[in-house]
Amino acid sequence: MSADLGQFTDATATIRADAGRSQRSFGAPQSASVGVRLRGYLRHHLSCFAAGIGRLGNSPGHAIGSCLAIGLMLAVALGLVAIVQNARNLFAPLSQLSQISLYLKSETPAENVAQLEQRLRAMPELGQIEHVTPDAALAELKRNADLEKAISTLATNPLPHAFVVLPKMEYRGAEQTKSLRDVLSALPDVEAVTVDLEWVTRWQTGIAWVYRLVGFLAALLVAAIVFNVANTIRLAVELRRDEAQVHYLVGATRAYVRRPYLYMGLWLGVLGSLLAWWAVNMALYLVRDEMNPLLASYVPGVQLQLLGWESLVPALLLSAFAGWLGAFSVATGRRA
Amino acid sequence: MVELQGITKRYEDGHVALDNVDFRLRSGEFAFLTGRSGAGKTSLLRIISLLERPSAGRVLLGGDDVTRIAARNVPRWRRQMGIVFQDFKLLPKQTVFENVMLPLQVAGTYTRPEMHRRVRAALDKVGLTDHETEYPHELSGGEQQRVAIARAVVSRPALLLADEPTGSVDPESAREIMGLLQQFNRVGVAVLVATHDSQLLDMYSRQFGYPVWELEHGALSDARQ
C-alpha cells in the first residue's frame with residue numbers, strides 16, 4: 001500500500017494530481033459533454049437490457065413460473081387469433097354474398113353495355129366485375145332451376161344484360177354497401193340493383209363482435225400480465241434491496257436504480273409471448289394432419305394455417321409493454 | 001463545507017436521536033464524531049449524506065441549504081461525498097474493480113478509459129491492484145474496507161463520511177484504514193469519522209490534534225473541552 005503521496009506509480013497520476021490541489025468543496029456537478037453523458041446513458045440501458053435476463057436467473061423458479069403464466073394467458077389470445085384466421089379462410093366463399101347484381105334495362109344496346117362495363121371497372125370500390133350476358137344467364141337458369149322445358153317454349157330470351165360485382169374488402173361494410181348500391185342504381189341503363197344487405201349487416205356485426213372480444217381479451221391479458229410481472233419484480237426488488245441502497249449511496253438516481261427492473265419486466269413479457277406463440281403453433285402443427293382433410297371436406301383446398309410473424313410481432317409488443325408497465329408500477333412505488 | 005444548524009431528529013416512535021444540534025465541518029478538515037451506541041452518530045451522518053431529513057433545523061452543504069431539496073436533486077450532492085460503512089456495503093456479486101467503478105458508472109459523465117484509469121488509481125492508492133478481479137467474499141475484512149474506501153474516493157469527493165470504519169477489522173487493518181483516510185484528507189478531502197473506539201480517538205486526536213465531537217442523548221459537544 002502506498003504510504004506517501006509522493007510515491008504514486010504512473011497509474012495513479014490522477015490522484016497524484018489532486019495532491020497539489022487545495023481543499024475541495026461542494027460545487028456544481030462535473031461538466032461532461034453531451035456525447036459522453038449520452039454514451040453513459042445508452043451504455044447503462046444496454047447493460048440493463050443484457051443483464052435483465054441474468055437477473056431473472058437469480059430466482060429461476062419465480063421467473064419460469066411467471067413466464068409460463070404469461071405464456072398461458074397469451075396462448076389463449078393467440079389461440080383465438082388462430083381460430084379467427086382459419087375461420088376466415090374456411091368462410092371465405094361466404095364473402096361472395098357481398099356481391100351486388102346490376103340488371104340492365106331490356107334491349108340496352110351493346111355499346112351502352114360496353115360503356116357501362118368500362119365505367120364499373122374504373123370504380124375504385126369494386127374488385128371483381130363479371131358481365132353476364134342474356135345467353136349465359138339463360139343457360140345458367142336452365143342448368144340450375146330445372147326449367148329447361150319451360151324455357152324452351154320461349155320465343156326470345158327475356159333476360160337482360162347483367163353485371164355481378166364484388167366490392168373490395170374495405171368497401172364491404174353495411175353502410176358502404178348501401179351507398180354503393182345507390183351509386184350503381186343511378187348509372188344509366190341500370191334497371192335494378194340487388195344486394196343482400198341483411199346478410200352483409202349480419203356478417204359485419206359478427207366480425208365486429210369477434211374484434212371486440214379480442215380487444216376485451218387483450219385488455220384483460222394486459223392487466224393480468226401487469227399483475228403477474230409486478231409480483232415477480234416485487235420479489236426481485238426485495239432480493240436486491242441492499243444493492244439498490246448501495247446504488248443510492250453512491251449517487252444513483254431513482255431512474256438509474258429502476259432501469260434494470262424495467263428491462264426485467266420487458267424480458268418477462270417477451271419470453272412469455274414467445275412461449276405462447278410457440279405453444280399455439282405447436283398445437284396447430286400437431287392437429288394439422290387430422291384437421292386438414294376435415295376442413296377440405298367443407299371447402300376444397302383449405303388447410304389449417306399456423307400463426308405467422310404478423311401475429312407474433314403484436315403479441316411481442318403487447319406483452320413487452322405490459323411487462324414493462326408491471327415492473328414500472330412496482331419499481332416506482334417501492335423505491336426499488 | 002458542512003453546517004448543521006439546530007438539527008433535531010425525532011423518529012416516528014418518539015425517540016429523539018438528535019436534539020438541536022449545531023455542527024460545522026470546514027473544507028479539508030478531519031474530525032471525529034463519538035458517542036455510545038444509539039447516541040445519534042449514524043443519524044447525524046445520514047442527515048449530512050441526505051439519506052434522512054431532519055425533523056427541524058437546517059443542513060447546509062457548501063453554503064447551500066439542502067434541508068428540503070427535491071429527491072431528484074439529492075444524487076447530485078451525494079456524488080460529491082464518499083461514504084464508508086462498518087459493514088462495507090460492497091456488492092457481493094461484483095468484482096473489486098466493478099465495485100470501485102460503481103460511483104463513476106452511476107455518474108454517467110466519464111468515458112470508459114477515464115473510468116478504468118480512475119479505478120486503477122484508487123485501487124493502487126489502497127494497495128489492492130492485485131485483487132481487482134476478486135470478489136468481496138475472497139478478501140479479508142480490512143481489504144474489504146479498503147475497497148469501500150477506494151469506492152468512496154474514486155470520484156474525488158469533497159467530503160468523506162466514515163461510519164465506524166474500523167469496527168469490523170483487526171487493529172493492524174484499522175491503522176491502515178485510518179492512515180488512508182488521513183492521506184485523502186491531506187489532498188483536500190474533508191473527513192468525518194464516527195467511532196466509539198476510545199483507543200483510536202485518543203491516539204489520533206492527541207497525535208494529530210483532530211477535533212472530537214461527542215454525542216450524548218442527542219446533544220453534541222466538543223469532547224476536548
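Before moving on, here are some points about what is shown:
- Pairing residues of region B:186-206 that are within 14 Å of chain A (Cβ to nearest Cβ) and more than 21 Å from B:D87 (Cβ to Cβ) with residues that are among the acidic types (D, E) and assigned to a loop (DSSP other than H, G, I, E, B), at Cβ distances under 7 Å and at least 6 apart in sequence or on separate chains, gives B:A190/B:E29.
- Residue pairs meeting the criteria (Cβ under 8 Å; at least 6 apart or on separate chains; first touching a residue at least 40 places away in the same chain (Cβ under 8 Å), in region A:173-192; second part of a loop (DSSP other than H, G, I, E, B) and acidic (D, E)): A:Q176/A:E125; A:L180/A:E125
- For B:A148, the criteria (1) closer than 29 Å to B:G14 by Cα; (2) part of a helix (DSSP H, G or I); (3) within 11 Å of another protein chain (Cβ to nearest Cβ) hold in every case but one, which is (1).
- Here A:S273 meets each of (1) farther than 28 Å from B:L51 by Cβ; (2) surrounded by fewer than 17 Cβ atoms within 10 Å (Cβ to Cβ) with one exception, condition (2).
- Extreme residue, nearest to the chain's Cα centre (by Cα), among residues of region B:72-109 that are assigned to a helix (DSSP H, G or I), at the interface with chain A (Cβ under 8 Å from one of its Cβ atoms) and not hydrophobic (A, V, I, L, M, F, W, C): B:R78
- Check on B:G62, over 26 Å from B:G14 (Cα atoms), touching a Lys or Arg at 6+ places or on another chain (Cβ under 8 Å) and modelled with pLDDT under 90: no
- Counting only residues that are assigned to a helix (DSSP H, G or I), free of Cβ contacts under 8 Å to residues at least 40 places away in the same chain, closer than 24 Å to B:P171 by Cβ and within 13 Å of chain A (Cβ to nearest Cβ), region B:117-140 holds 3 of them.
- Residue check, B:E143 acidic (D, E) and either buried (at least 24 other Cβ atoms within 10 Å of the Cβ) or part of a loop (DSSP other than H, G, I, E, B) (or both): no
- Positions within region B:96-116 being of a type in the set (V, I, T) and either closer than 19 Å to A:Y248 by Cα or touching a residue at least 60 places away in the same chain (Cβ under 8 Å) (or both), in sequence order: B:V96, B:V100, B:V106, B:T109
- Residue match in region A:118-130 (condition: touching a Phe, Trp or Tyr at 6+ places or on another chain (Cβ under 7 Å), within 19 Å of A:V193 (Cβ to Cβ) and either in a helix (DSSP H, G or I) or not charged (D, E, K, R) (or both)): yes
- Screening region B:51-71 for residues that are small (G, A, S) and in a loop (DSSP other than H, G, I, E, B) and picking the one that is farthest from the other protein chains (Cβ to nearest Cβ) gives B:S55.
- Candidate set: region B:1-41, residues that are polar (S, T, N, Q) and within 16 Å of the chain's Cα centre (by Cα); chosen: the one surrounded by the most Cβ atoms within 10 Å (Cβ to Cβ): B:T34
- Per-region count, region A:253-303, residues touching a Lys or Arg at 6+ places or on another chain (Cβ under 9 Å) and either under 15 Å from A:A322 (Cβ atoms) or away from every other protein chain (no Cβ under 14 Å) (or both): 5
- Candidate set from region B:151-173 (those that are part of a helix (DSSP H, G or I) and within 14 Å of another protein chain (Cβ to nearest Cβ)); member that is surrounded by the fewest Cβ atoms within 10 Å (Cβ to Cβ): B:E172
- Number of residues in region A:140-175 that are assigned to a helix (DSSP H, G or I) and under 17 Å from A:S101 (Cβ atoms): the value is 5.
- Search result, residues across region B:174-194 that are part of a helix (DSSP H, G or I) and either in contact with a helix residue (DSSP H, G or I) (Cβ under 8 Å, 6 or more places away or on another chain) or among the aliphatic types (A, V, I, L, M) (or both): B:A174, B:E176, B:I177, B:M178, B:L180, B:L181, B:Q182, B:Q183, B:F184, B:R186
The values are calculated or read from the model by the stated rules, or taken from the named source; none is laboratory data. As the structure is a prediction and not an experimental result, all values here were calculated from the model. Neighbour counts are summed over all protein chains in view; Cβ atoms, including those assigned to glycine, are modelled from backbone coordinates with ideal geometry.
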